[in-house]
1. Kindly indicate whether E130 is over 29 Å from L182 (Cβ atoms), modelled with pLDDT under 85, surrounded by 10 or more Cβ atoms within 10 Å (Cβ to Cβ) and in contact with a Pro (Cβ under 6 Å, 6 or more places away or on another chain).
2. When the stretch 34-67 is examined, which residues are found to be surrounded by 17 or more Cβ atoms within 10 Å (Cβ to Cβ), closer than 13 Å to A17 by Cβ and of a type in the set (G, A, S)?
3. Filter the stretch 1-26 down to the residues that are exposed (fewer than 13 other Cβ atoms within 10 Å of the Cβ) and either over 30 Å from L59 (Cβ atoms) or of a type in the set (G, A, S) (or both) and list them by number.
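The values are calculated or read from the model by the stated rules, or taken from the named source; none is laboratory data. What you see is a predicted model, and the numbers here were worked out from it, not measured in a lab. So basically every Cβ, Gly included, is an ideal-geometry build from the backbone, and we count neighbours across all protein chains shown.
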Amino acid sequence: MAIFTFILGLLFVAAGAGGLIASVDLLPTEMGLLYAVCGTLALSAGGVTLAIGALIWRLGAVAAAIRSSRNREPWQGAPATGEAAAARQSEPAGDEEASEPAAIERGPAAPEDPVNENRSGHLPTIAAIEHALGEPEAAPKLVGRYQAGGAQYMIFSDGSIEAETANGAFKFASMSDFRAYLATARG
């Protein structure tokens with residue numbers, strides 16, 4: 001793809017240069033002005049196309065580097081320290097096959113960037129996301145209704161509370177949120 005883009009860019013540059021050369025003798029006329037403008041546009045398009053070709057070529061090199069880094073073992077090229085050294089020592093020498101895989105004990109890994117991670121510290125898989133989207137959680141069930149002080153309260157199975165008072169309807173995520181609201185409303 002990069003080669004095709006380079007060839008197209010070179011064709012634009014050649015056409016633009018040809019248009020500019022043809023416009024030199026005809027410049028005082030309308031046709032000469034048209035050649036000059038078209039030549040300049042084609043030359044500019046050729047420069048942009050060549051730049052896009054260079055970008056495509058560079059992105060191809062980056063993609064190849066990423067593919068090769070995925071195929072390497074994590075400790076290749078790195079000094080043998082810590083877990084990598086333990087893993088190398090536990091590997092069988094030569095053509096021997098290990099009867100049991102080497103177990104490397106790892107402590108809980110601190111996430112480098114906790115954004116978009118679930119409680120276990122891992123990003124969810126596509127299958128897990130599709131499962132969650134395909135099967136929505138059931139709505140919480142009503143556990144009880146109570147009336148006190150001219151207000152009606154509904155308590156749900158997930159711990160949330162809905163209160164209908166003279167001041168309006170309120171929803172609280174938990175009993176502690178409801179108590180905090182009551183404390184601020186009274187105080």
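1. Against the criterion (over 29 Å from L182 (Cβ atoms), modelled with pLDDT under 85, surrounded by 10 or more Cβ atoms within 10 Å (Cβ to Cβ) and in contact with a Pro (Cβ under 6 Å, 6 or more places away or on another chain)), E130 does not qualify.
2. Looking only at the stretch 34-67, we keep the residues that are surrounded by 17 or more Cβ atoms within 10 Å (Cβ to Cβ), and these are 35-36, 38-39, 42-43, 45-46, 49-50, 53.
From what is left, the residues that are closer than 13 Å to A17 by Cβ are 35-36, 38-39, 42-43, 45-46.
Selection gives A36, G39, A42, A45, G46.
3. Result: I21, V24, D25.
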